[in-house]
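What follows is one structure encoded as structure tokens, with my remarks underneath.
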Amino acid sequence: MVITTSRRALLGTLTAASISADIAPWGRALAYLHDRYEDAPVTLRRSRESRDLSRDLFQSAEIAFAGIDAGFFRRHIRTTLHQAGAVAKLALCACLLDVGFSDAWNAEHIRQDIAKALAYANATGFGLDCPDMARLVVILTPYWKWGYPHLIGDPPMDDGGFSPERVCLLIRALLDRVHDVTGHARLADGDKRHATIAS
């Protein structure tokens, strides 16, 4: 008989004590990423404060996504990608905080690297192994590049052939997955409408 431990049960053990990455349930995957990115090892520690911040980041991601969803950021792929990068960073950092990464570690090591954020999230049980998402996060990294004007003579930037509509669908799927994994409540439809008007 094979007994499997759920991700939620594993997270419960992280609430009880700090666990260094080498002995965490996902130790090998995290050690591989630390080596690959030359990042400082992380100590996973879940707390009420990190859970609250995780929820706040997720809700901020939902608010930021409302503009994409409403079409405000879909006129040009560059603006779609810039906004999508901001949403993806908020959502994935919310996921990492929920697992036990510290906000300080995220700020130092994730920055605007959406591909790295997804790699760390997947290494800790996030489970979003979509080929299109894997391509998109590479295009988004670092997402600040999409916010600058393209000047005459600049080399063309690779948008991966993504349409604004496809980016919108992928980012919605990312938010859905973060919601499923963290259990954070979604914004009410009224709050989303208010956020759209305000953006």
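The values are calculated or read from the model by the stated rules, or taken from the named source; none is laboratory data. Quick caveat: nothing in here was measured; it's all calculated off a predicted structure. Note that each Cβ is placed from the backbone with ideal geometry, even for glycine, and that neighbours are counted across all protein chains shown. These accessible areas exclude ligands, DNA and RNA; they are computed on the full protein's heavy atoms, side chains included. Shrake-Rupley method; radii C 1.70, N 1.55, O 1.52, S 1.80 Å.
Quick look at the values:
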quantity: Only one of GLY160, GLY147, GLY153 that is more than 12 Å from the chain's Cα centre (by Cα) and open to solvent by less than 30 Å² (accessible area, probe 1.4 Å); calculated: GLY160
quantity: Test for ASP98: is it under 11 Å from the mean Cα position of the chain (by Cα), open to solvent by less than 60 Å² (accessible area, probe 1.4 Å) and charged (D, E, K, R); calculated: no
quantity: Residues of the stretch 64-85 classified as out of contact with any Leu (no Cβ under 7 Å at 6 or more places or on another chain) and either under 22 Å from THR124 (Cβ atoms) or open to solvent by 30 Å² or more (accessible area, probe 1.4 Å) (or both), total; calculated: 12
quantity: Some residue of the stretch 70-88 being more than 21 Å from LEU187 (Cβ to Cβ) and basic (Lys, Arg); calculated: yes
